[in-house]
Amino acid sequence: MKSILVKFSFPVFLLLLSFKPDVQEFQGQALYFSKSKMELGNWGARMSEAQKKQIQARLKNRLEKTYVLNFNKEEAVFYEEEKLDAWSGATDSWGKNFARGKQYKNVKENALVQSQEFYGKQFLVKDKLQTIDWKMGTESKQIGQYMCFKAMATIPTAELTWYDFSWSNLRAAPQKENDSTNVQAAEPQVKMTLVEAWYTPQIPVSHGPGEYWGLPGLILEVSAGNTTMLCSKIVLNPDEVIKIEAPDKGKVITKIAYQSTVSEKMREMRDNRGRRRSR
C-alpha cells in the first residue's frame with residue numbers, strides 16, 4: 001500500500017511544479033477630458049461677445065476632446081475618441097489632417113510610434129520619446145481617489161505640437177547666409193511651453209497623456225499653454241484583456257521629416273491658390 005501511494009504522489013508532485021497560475025499582466029485604462037481656450041488674437045478685439053460665443057460653439061469639437069490611454073508597465077497607447085460635428089453631424093475633416101493620431105509609447109525602449117493621416121496619405125512616425133526634465137514639487141492634491149503630486153517642466157513647443165500645422169511657420173522668413181554686411185545672423189529663438197503636471201505614485205507607471213511621460217506615477221492632469229487635460233476615469237486590471245500594440249500601417253518617417261512634408265504640401269496649396277487668384 002505504501003509503495004502505491006509513493007508511485008501516485010510522485011507524478012502529482014511533478015504536475016504541481018509545472019503548474020503556473022494564470023496571473024494577468026498589470027494593465028489599466030484612463031479616460032481624459034481635454035479643454036482648450038479659444039485664442040482669437042487681434043480679431044477678438046473687434047468681435048462682440050455674441051460672435052465669440054458663436055465661434056466657440058462652432059469650434060467646440062476642436063476645443064473639447066476626449067481621449068483614451070491604455071497602458072501596462074512599459075507600454076501605452078493613446079488615442080482620441082472621434083466625435084461628430086455638433087452643427088453639421090459630420091466629422092471635422094479639416095481638423096483631422098492636423099490632429100494627433102493613434103500614439104504608442106514604450107518607456108523601456110524609449111520608442112514612439114504614431115499613426116498620422118494627412119490628406120488621404122497614411123504615415124507611420126517612428127522616433128524617440130521627447131526627453132522631459134521634470135522639476136519635482138512638494139505640492140499635492142486629490143484627484144478622484146488618488147493623491148497626486150506636482151511636477152513642472154519647460155519643453156520646446158514644437159515637440160508638443162509636431163503633428164499640427166501653423167501658417168505662421170510658412171510666413172517666417174528664412175535666414176539668409178552671412179555676408180560682409182551681416183557679420184553674424186541672429187539665432188532663431190526656440191519657443192518654449194511651461195508644463196504643469198500632477199501624477200499619482202499610487203499607480204506606479206511612467207505614462208501620461210500625449211507627449212507626457214517620465215514621472216514616478218501615472219499623470220492624471222497636465223496643463224500646457226492654453227490646454228488642460230484631466231483624467232476622468234481609471235480602470236485597473238479590467239476583466240477583458242486590453243491589446244496594447246503599436247500601429248503598423250503607413251510610410252515610415254521621423255517627426256522632423258513629417259513636419260517638412262506637411263509644410264511643403266501646405267506651401268504648395270497656398271501658392272496654387274495665389275496663382276489662381278492672379279489670373
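Of the residues making up the range 96-110, one or more are of a type outside the set (D, E, K, R), more than 15 Å from the chain's Cα centre (by Cα) and modelled with pLDDT under 95. Return a yes/no flag: does the range 200-218 have any residue that is assigned to a strand (DSSP E or B) and either at pLDDT 95 or above or not acidic (Asp, Glu) (or both). So far as the range 200-218 goes, yes, one or more of its residues are assigned to a strand (DSSP E or B) and either at pLDDT 95 or above or not acidic (Asp, Glu) (or both). Would you confirm, using the coordinates I've provided, whether Ala197 is touching a residue at least 12 places away in the same chain (Cβ under 8 Å), in a strand (DSSP E or B) and small (Gly, Ala, Ser)? Criteria met by Ala197.
Listed conditions (1) out of contact with any Leu (no Cβ under 9 Å at 6 or more places or on another chain); (2) modelled with pLDDT of 95 or more; (3) more than 28 Å from Ala99 (Cα to Cα); (4) part of a loop (DSSP other than H, G, I, E, B) are all met by Met147, apart from (4). Restricting attention to the range 133-140, does a residue exist that is at pLDDT below 95, touching a Phe, Trp or Tyr at 6+ places or on another chain (Cβ under 8 Å) and over 24 Å from Leu63 (Cα atoms)? Yes, the range 133-140 contains a residue that is at pLDDT below 95, touching a Phe, Trp or Tyr at 6+ places or on another chain (Cβ under 8 Å) and over 24 Å from Leu63 (Cα atoms).
The values are calculated or read from the model by the stated rules, or taken from the named source; none is laboratory data. These numbers come from a predicted model, not from an experiment. Because the Cβ atoms are built from the backbone with ideal geometry, glycine has one as well, and the counts that use them run over all protein chains shown.
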